[in-house]
Amino acid sequence: MDAVTTGWVLDLGCGSGLVAEMVLDRFPRLTLFGLDSSTAMLSLAKDRLARYGDRVKLAEGDLTTLDRVEAPARCVRAIVVQSLHHLDEAQYRSAVAWTFDHLAPSGWFFIIDRLAIPSETLYSAFHDLRERQGQAPNQPDWSSYLEWLEVNGDRPLPVQGVLRLVEHGGLKAAALDLRGDRGMLVGRRPV
């Protein structure tokens, strides 16, 4: 994101403002719009980001109703989102379309999110790897994993599905870092 030194960055699902704080510290000429559906999290973000003054605008909103969010449009240098795993595929597609509409040419879309383990066989390998790393997930088997996702309202897509949706939305897409069920994927709007 070194080329992104001025303009707007949108942090969708900004939570307590931790990522926003890192972005604002690293890029002192950026302005940030943070969106979250939790009043409690927005309160934490407001406190954390108060020192940035007019460089920050926070709003309450939901990724399923982005069309109602009054965010900067067509001038956004980067959009960061970490909570797309709560959306079904149609909602995810809508969020990507909204992102395309709000990004400036050459703008970046950073997805730092949970990814689906797509099969029982792969879940077993994932669980074994995490166990060897001393980070065994609480879900010992495939059915427990699926139940845990449902209870938590999580609907992560496999990395291939995310890349397909981002590309279909008009952005060039790539996976930058994948670790277990987490990934950093990026999309870039063509010039």
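The values are calculated or read from the model by the stated rules, or taken from the named source; none is laboratory data. Note that the structure is a prediction, hence the values are computed from the model and not measured. All Cβ positions, even for glycine, are placed from backbone atoms using ideal geometry, and neighbour counts span all protein chains on display. The accessibility values were calculated without ligands, DNA or RNA, using every heavy atom of the protein model including side chains. Shrake-Rupley method; radii C 1.70, N 1.55, O 1.52, S 1.80 Å.
Just to verify a result, which residue in segment 166-191, among those that are basic (Lys, Arg) and under 10 Å from residue 100 (Cα atoms), is most open to solvent (accessible area, probe 1.4 Å)?
The extreme case among them is 188.
Residue count for segment 98-120, restricted to those that are assigned to a helix (DSSP H, G or I), farther than 17 Å from residue 149 by Cβ and more than 14 Å from the chain's Cα centre (by Cα): 3. For residue 189, are the conditions met, namely being over 24 Å from residue 133 (Cα atoms), among the basic types (Lys, Arg), in contact (Cβ under 8 Å) with a residue 60 or more places away in the chain and touching a His at 6+ places or on another chain (Cβ under 9 Å)? Here the answer is no, as residue 189 does not meet what is asked. When segment 109-145 is limited to residues that are among the basic types (Lys, Arg) and more than 28 Å from residue 93 (Cβ to Cβ), the one that is most open to solvent (accessible area, probe 1.4 Å) turns out to be 132.
Residue 156 falls short on exactly one of the conditions (1) in a loop (DSSP other than H, G, I, E, B); (2) within 17 Å of the chain's Cα centre (by Cα); (3) closer than 28 Å to residue 74 by Cβ, and that condition is (3).
At least 1 residues being under 17 Å from the mean Cα position of the chain (by Cα), of a type in the set (A, V, I, L, M) and farther than 17 Å from residue 108 by Cα is the threshold, and among the strands (runs of 3 or more DSSP E) wholly inside segment 1-94 those reaching it are 30-36, 56-60.
Rundown of residues vs (1) within 19 Å of residue 99 (Cα to Cα); (2) at pLDDT 95 or above, yes/no style:
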site	(1), (2)
12	yes, yes
17	no, yes
35	yes, yes
45	no, yes
48	no, yes
60	yes, yes
73	yes, no
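Screening residue 148 with (1) part of a helix (DSSP H, G or I); (2) surrounded by 14 or more Cβ atoms within 10 Å (Cβ to Cβ); (3) modelled with pLDDT under 95 gives one miss only, at (2). Residue selection: residue 78 fails the criterion of being closer than 21 Å to residue 162 by Cβ, in contact with a Leu (Cβ under 6 Å, 6 or more places away or on another chain), open to solvent by less than 20 Å² (accessible area, probe 1.4 Å) and modelled with pLDDT of 95 or more.
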